[in-house]
Amino acid sequence: MKKTDVGLWKDIVFILLGTFIMTLGVNWVQDPMGLVCGGVTGFAIVIKYVTSFVIDGGVPLWLINILCNGPLFIAAFFMKGWKYIAKTLFATLSLSFFLAVIPVFQLFEDYVLGVLFGAVTTGVGIGLVLSRMATTGGTDLLSALIHEKNRHFTIPQLLAVIDGLIVVLGAVVFGIENAMYAIVVVYIVAKISDGMLEGLKFAKMAHIISDKAEEIAEVILQDVDRGVTGIKVQGMYSKTEKKMLMCVVTKKEIVELMDIVHKIDPSAFVIVNDVREVMGEGFIEITQ
């Protein structure tokens, strides 16, 4: 199978899985609890509630999702072309499908549990979709189209304003308390989806400055089995040259590395940083 075919299937699987997980948060938490968390789905929840006084059950979320996104995709096609909207169109149709087939019911009576479940499922779902360079359309796509005509504002700024207005609309319809819960969901969703995009394989990077750099490097190479890079540095106060070691290890291995450094040179100067994602031998292969 060609790499392009593998990439295409990964796109399909990730988008389907992501939109399915997103729907669990929408149909089992946000819709039955009246949590309007921005986006077209949030707007759809408001419309469904308002129209429920005229139509039994209100206008379905999947139908509102399609009706709202339809004009946006037509505009995006003429403004940006087919390639720009292909994945997003598939993700939007996938989300609409799952919104239609997965039944709506209130999974939790407790709002705290509902907020946590809804935020985690929505955040993971969005993260999976975004990881394949796609979105579910809606306010993301609207913000991008407005930005195309008005470069004075960034897409995140436009998105914040649009989603903010939808949350305010939800507060008017469902009350301020529901709106506060919705804001908590929005915050958690952003943290989870951002974390997924930045990489879940966290690591530690250690910078070690020592007079016994060669000895420390040798032990790390043999015992920890990690690569070490030596960098010539100069102390600006002492004006003496030393060698600084740079080594990336897992969170478990950092304990062993610190123990090695302490045993060989207790006076060594060590800086440890968090690393979001590492690509290369021993971590994530670059070919992936």
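Size estimate for the chain follows the Kirkwood approach: the inverse of mean 1/r over distinct Cα pairs works out to 22.1 Å.
Placing a pseudo-label 7 Å from each Cα along the Cα-to-Cβ vector at Leu107 and Trp9 gives an inter-label distance of 2.9 nm. Its DSSP H runs of at least 4 residues, each contributing -39,500 (n - 2.57), put the calculated 222 nm mean residue ellipticity of the chain at -20000 deg cm²/dmol, to the nearest 500.
Ignoring ligands, DNA and RNA, what percent of the accessible area of the chain is carbon or sulfur (1.4 Å)? Whole-percent figure for carbon plus sulfur exposure: 66. Full extension of the chain between Leu221 and Leu63 gives 50.9 nm of extra length, using 0.36 nm per residue less the Cα-Cα distance. Connecting C-alpha atoms closer than 10 Å in a GNM of the chain, tell me which of Thr139, Thr121, Thr250 has the biggest fluctuation. Looking only at Thr139, Thr121, Thr250, the largest GNM fluctuation is found for Thr250. For the range 1-93, the relative contact order is 18 percent, taking Cα pairs closer than 8 Å that sit 6 or more residues apart in sequence and dividing their mean separation by the residue count.
The mean sequence distance of close C-alpha pairs (under 8 Å, at least 6 residues apart), as a share of the length of the chain, puts its relative contact order at 20 percent.
Count neighbours as other Cβ atoms within 10 Å of each site's Cβ, and list the chymotrypsin sites (Phe, Trp or Tyr not before Pro) in the range 20-73 that are DSSP loop with at most 13 such neighbours. Those that pass, being in a loop and sparsely packed, are Phe53. The phi-based Karplus calculation (6.51 cos²θ - 1.76 cosθ + 1.60; θ = phi - 60°) puts the 3J(HN,Hα) values of the range 114-128 at x, 4, 5, 5, x, 5, 5, 5, 5, x, 5, x, 5, x, 5 Hz, whole numbers, x for Gly and Pro.
Residue-wise HN-Hα couplings along the range 10-24, as the Karplus relation 6.51 cos²θ - 1.76 cosθ + 1.60 with θ = phi - 60° gives them from phi, are 5, 4, 5, 5, 5, 5, 4, 5, x, 5, 5, 5, 4, 4, 4 Hz; Gly and Pro carry x. Note on the range 89-159 and the range 214-250: Cα centroid distance 45 Å, given to the nearest whole angstrom.
The values are calculated or read from the model by the stated rules, or taken from the named source; none is laboratory data. Here the structure is a predicted model, which means the values were calculated and not measured. Here the Cβ is made from the backbone with ideal geometry for all residues, glycine too, and neighbour counts use every protein chain on show. Note: areas computed on protein heavy atoms with side chains; ligands, DNA, RNA excluded. Shrake-Rupley method; radii C 1.70, N 1.55, O 1.52, S 1.80 Å.
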